[in-house]
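What follows is a short report on a single structure.
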Amino acid sequence: MDRPAGGPPGFEPEADAIPAFRRALDREGPVPTRARVAQGMGGLPDVFKDFAVRTFLLLYYNQVLGLPAFYVSLALAFALVVDAVTDPLVGSLSDNFRSRWGRRHPFMYAAALPLGVCVYFLFAPPELAAGESRDALLLAWLLVFIVATRVAMTFFAIPWNAMFAEYSDDYRERSAIVSYRFLMAWLGGIVFSVSVYTWVFPGSAEYPLGQLNPAAYQTFAWVLALCVSGTALATAHFTRDQIPYLMQPTGAVERFRPARLVADVKLALGNRDFVILLGAVLCSALVIGTVQALEIYVRTYFWGLDTSSLRWLSLSFCGALLAFATIVPLQSRFDKKHLLVGCSVVLTVQGMALIGLRLIDVLPPNGSTLLLVLLIIDAVLSVYLAMVALTMFVSMIADTLDVQELATGRRQEGLFSSSVGFASKATSGFGLLAAGALLDGVIGFPAGAGALGGPPLDGDVVLRLGVVAGLVVPLANVAWMVLALRYGVTRERHAEVRRELDARHARERSRPN
């Protein structure tokens, strides 16, 4: 038998290899809609946290509290270094864990409350008197709680993310399951963002741009903490009935040792397609994260949007609904990697076009209704394209897991999903680091410009903001798109892998006990 694609060099699996993992119950028929919704709900804690970090964290610490943007990004970069260790660690732990609640749920329950506490303190720093040590103390507070937040999210999100690949072995059904996940994420994110802009950051005579009001962030910290912990506990509770259908270890569980983590990571990196996806997602994280970190600056200063206008951009959820309705038909016709790259190309060009039109003075002026309508249409299309692309990526990770099992006899959902978790964190970590460096070193954006009595903004600064955020940064997407095209698990290859795995599992079930 030829070595399956993705196996480590020199590895030759035996034809009658006994699977190391098995489901207690085999599912009959498709995954129920209720189970898909409950699993999809698990994306909400990370959505809420990421919305807060990507949209407000840099703006709050830099423009409201006056901490230099590069200091903020350094703290986030350090947290990302911690993630590089904790993400694969938690992935390996949950892959090899055994309990009456399965491999994943104990971690999810344990992380839910600490996660809420950490995000609260992240956005509720103590009031510090002005002085030479103020910036250092504020930076230390930020560093402690951004690291704690990321570690707590790791213990919840990676086990949750690993579950979806175990729900189904079907090539198309996996994409459908992932589409529920992103639909829940977009709808929950829209409701959360509209509520936040409406009731937490309303404009006032003193602060027409409500997102620059320091007093509002105390309320925001409470709202964020309750929503994050509440949805984490809810998804852990409502997915408990799926535990018998998830993969469980069949043999003795080895006690955790650092050497085992190294061996697990080495085994995963022996999978060529996984390495390609990991490289592509890390490259894209830098670009996407930078754009997202600068987005609130672009919307606030380049487009001049106040919170009442920002709420209208929440109509972008229509793009999520459209993607939910079209993902399965699209994926039935096109290979996943082609949908991923195709949607990303269009998304990149579209994002650059609107900024470019403003720079050549074609668009209506800031504050006009027509401009707001154009921005809403742009947001709807962006969400549609992004949701299709992200769904394909996550579904491709699940398909790669099947190749890994055929090649090695191991199910490494937790370790593979840690790449998705790390990529999500890298989006805000690398992105905020790059955004901070660009704001300070290239754009020349003054700290504290949003505070009362802060320095005025020069027109050239706003122009540089538009050029850098809307034209220069998105061009870097080309690198990861080229890499993603080298991914080798096609529809036909996956069908072949599933046939071999199903035959192997059938032989195992026929063995006498």
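Table: residues versus (1) modelled with pLDDT of 90 or more; (2) closer than 21 Å to residue 239 by Cβ; (3) of a type in the set (S, T, N, Q).
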site: 44; (1), (2), (3): yes, yes, no
site: 48; (1), (2), (3): yes, yes, no
site: 62; (1), (2), (3): no, no, yes
site: 77; (1), (2), (3): no, no, no
Of the residues in the stretch 469-511, those that are of a type in the set (Gly, Ala, Ser) and within 21 Å of the chain's Cα centre (by Cα) come to 469, 476, 479, 484
Residue count, the stretch 248-284, condition over 17 Å from residue 417 (Cβ atoms), part of a helix (DSSP H, G or I), of a type in the set (D, E, K, R) and at pLDDT below 80, comes to 1
Taking the stretch 285-343 and keeping residues under 20 Å from residue 207 (Cα atoms), in a helix (DSSP H, G or I) and among the aliphatic types (A, V, I, L, M) leaves 296, 298, 310
Within the stretch 469-478, residues surrounded by fewer than 20 Cβ atoms within 10 Å (Cβ to Cβ) and among the β-branched types (Val, Ile, Thr) come out as 472, 478
Just one listed residue, out of 124, 130, is modelled with pLDDT of 90 or more and surrounded by fewer than 19 Cβ atoms within 10 Å (Cβ to Cβ), and it is 124
Conditions (1) of a type in the set (Ser, Thr, Tyr); (2) surrounded by 16 or more Cβ atoms within 10 Å (Cβ to Cβ); (3) over 30 Å from residue 209 (Cβ atoms) -> residue 326 fails only (2)
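So that you can scan it fast, the table gives a plain yes or no per residue for (1) surrounded by fewer than 24 Cβ atoms within 10 Å (Cβ to Cβ); (2) modelled with pLDDT of 80 or more:
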position: 402; (1), (2): yes, yes
position: 408; (1), (2): yes, yes
position: 411; (1), (2): no, no
position: 418; (1), (2): no, no
position: 422; (1), (2): no, no
position: 432; (1), (2): no, no
position: 440; (1), (2): yes, yes
position: 444; (1), (2): yes, yes
position: 451; (1), (2): yes, no
For residue 118, the lone unmet condition from (1) part of a loop (DSSP other than H, G, I, E, B); (2) at pLDDT 85 or above; (3) not hydroxyl-bearing (Ser, Thr, Tyr) is (1)
Within the stretch 152-205, of all residues that are outside any helix (DSSP H, G or I) and of a type in the set (Gly, Ala, Ser), the one surrounded by the most Cβ atoms within 10 Å (Cβ to Cβ) is 168
Of the listed residues (363, 357, 347), the one being aliphatic (A, V, I, L, M) and under 25 Å from residue 484 (Cα atoms) is 347
Here the residues within the stretch 97-115 that are in a loop (DSSP other than H, G, I, E, B) and either charged (D, E, K, R) or within 17 Å of residue 53 (Cα to Cα) (or both) are 98, 100, 103, 104
If you go through 277, 267, 315, 246, the only one that is farther than 21 Å from residue 485 by Cβ and buried (at least 20 other Cβ atoms within 10 Å of the Cβ) is 246
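The values are calculated or read from the model by the stated rules, or taken from the named source; none is laboratory data. From a predicted model like this one, the values you see are computed outputs, not experimental measurements. We place every Cβ from the backbone using ideal geometry, glycine too, and count neighbours over all the protein chains shown.
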